[in-house]
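Only one structure is covered here, and it is reproduced in the block below.
The values are calculated or read from the model by the stated rules, or taken from the named source; none is laboratory data. Because the structure is a prediction, the values reported are computed rather than measured. Reconstructed Cβ throughout: ideal geometry from the backbone, glycine too, with neighbour counts over all protein chains shown.
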Amino acid sequence: MTLLKHTPATHVLAPQYRLSTLPASKTSNAFPAAIQDCLTSYLYLVNTLKVSPENIIISGDSAGGNAVISILRYLSEFGVGLSIPTPSAALLWSPWVDPFVSVTSNWEQTNVNVKTDYLTSTFTRWGSLAYAGPIGRSALSNPYISHLNQAFKTQVPLFVNAGSAEVLYFDDKKWAEEMKDAGNNVTWDVEQDVPHDILLLGKILGFEEAATRQTKRAGEWISSLMK
């Protein structure tokens, strides 16, 4: 509803992609299940509903943002060969760009935003291991899972948003800079003094006005691309 109200979007398709679980097994929906489902949804819009890619903006928050980046990487690497067109733009809200760090370091001892966010190392470690599945932690270094320090080239303009008080702020900022240095069209947007993913949880956590502000900025950005 927030995206429909404050951006030029007229419709929103929200795919219910498979969620990973623990204990890991062949049926626990580990990587790449979520990416497969999201890509299938995109292809459904393009090939079945015949929606022009010029009218499609893909958007994802937190783990959903991770999946969006993976789809963009896939389209960059294989889209031309498979005749899959790219969307017109991408919105990334507090994207989880480095699940690998959740199982390789104790970031709660070094991240200065740990006291102003609700994300914990226990939760992110659980999510990372669930997504890694039976392969285990070694899977998390895959460039389709952990995007930090693994920039790629995409023709899709990127709007990357993070809250200045969230633990993912620093990774998101670094990733946006890496993608821009790689020659991509990247707009880095910060909502001050808010925790993780207020696009989803702003109303619940008391940051509804902040969520509205950042979504309006995204809407203005989209409008500027349409000129």
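Of the residues Val114, Val51, Val101, which is outside any helix (DSSP H, G or I), over 29 Å from Lys227 (Cα atoms) and not aromatic (Phe, Trp, Tyr)?
Val114
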> Which one of Leu75, Leu91 is assigned to a helix (DSSP H, G or I), over 16 Å from Leu148 (Cα atoms) and of a type in the set (A, V, I, L, M)?
Replying inline: Leu75
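Would you check if there is a residue in region 161-169 being of a type in the set (S, T, N, Q), surrounded by 16 or more Cβ atoms within 10 Å (Cβ to Cβ) and without any contact (Cβ under 8 Å) to a residue 40 or more places away in the chain? Break it down stepwise before answering.
Quick first cut of region 161-169, residues of a type in the set (S, T, N, Q) only: 161, 164.
Now narrow it down to the ones that are surrounded by 16 or more Cβ atoms within 10 Å (Cβ to Cβ): 161.
Subset that is without any contact (Cβ under 8 Å) to a residue 40 or more places away in the chain: none.
There is no residue in region 161-169 that is of a type in the set (S, T, N, Q), surrounded by 16 or more Cβ atoms within 10 Å (Cβ to Cβ) and without any contact (Cβ under 8 Å) to a residue 40 or more places away in the chain.
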>> Anything in region 1-33 that is within 30 Å of Met226 (Cα to Cα), hydrophobic (A, V, I, L, M, F, W, C) and either crowded, with 16+ Cβ neighbours inside 10 Å or within 15 Å of the chain's Cα centre (by Cα) (or both)? List them, or say none.
In response: Leu3, Ala9, Ala14
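For region 132-227, which helices (runs of 4 or more DSSP H) that fit wholly inside it have 2 or more residues that are in contact with a helix residue (DSSP H, G or I) (Cβ under 7 Å, 6 or more places away or on another chain) and closer than 26 Å to Thr116 by Cβ? Talk me through it step by step, then tell me what you get.
Numbers: elements: 169-181, 198-205, 208-225.
Those helices (runs of 4 or more DSSP H) span 198-205, 208-225.
Matching residues to (1) aromatic (Phe, Trp, Tyr); (2) within 16 Å of the chain's Cα centre (by Cα); (3) at pLDDT 95 or above; (4) under 18 Å from Ser59 (Cα atoms):
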| site | (1), (2), (3), (4) |
| --- | --- |
| Pro143 | no, yes, yes, no |
| Gly163 | no, yes, yes, yes |
| Val167 | no, yes, yes, no |
| Trp175 | yes, yes, yes, yes |
| Val194 | no, no, yes, no |
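May I ask you to say which residue of Ser41, Ser28 is among the polar types (S, T, N, Q), on the phi < 0 side of the Ramachandran plot and assigned to a loop (DSSP other than H, G, I, E, B)? Full working, then the answer.
Numbers: Ser41 fails: assigned to a loop (DSSP other than H, G, I, E, B).
Sole residue among the options that is among the polar types (S, T, N, Q), on the phi < 0 side of the Ramachandran plot and assigned to a loop (DSSP other than H, G, I, E, B): Ser28.
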>> Quick test of your reading of the structure: Phe100 fulfils all but one of (1) surrounded by fewer than 21 Cβ atoms within 10 Å (Cβ to Cβ); (2) in contact (Cβ under 8 Å) with a residue 12 or more places away in the chain. Name the failing condition by number.
In response: (1)
> Among (1) over 21 Å from Ala218 (Cα atoms); (2) modelled with pLDDT of 95 or more, which single condition is Gln16 missing?
Replying inline: (2)
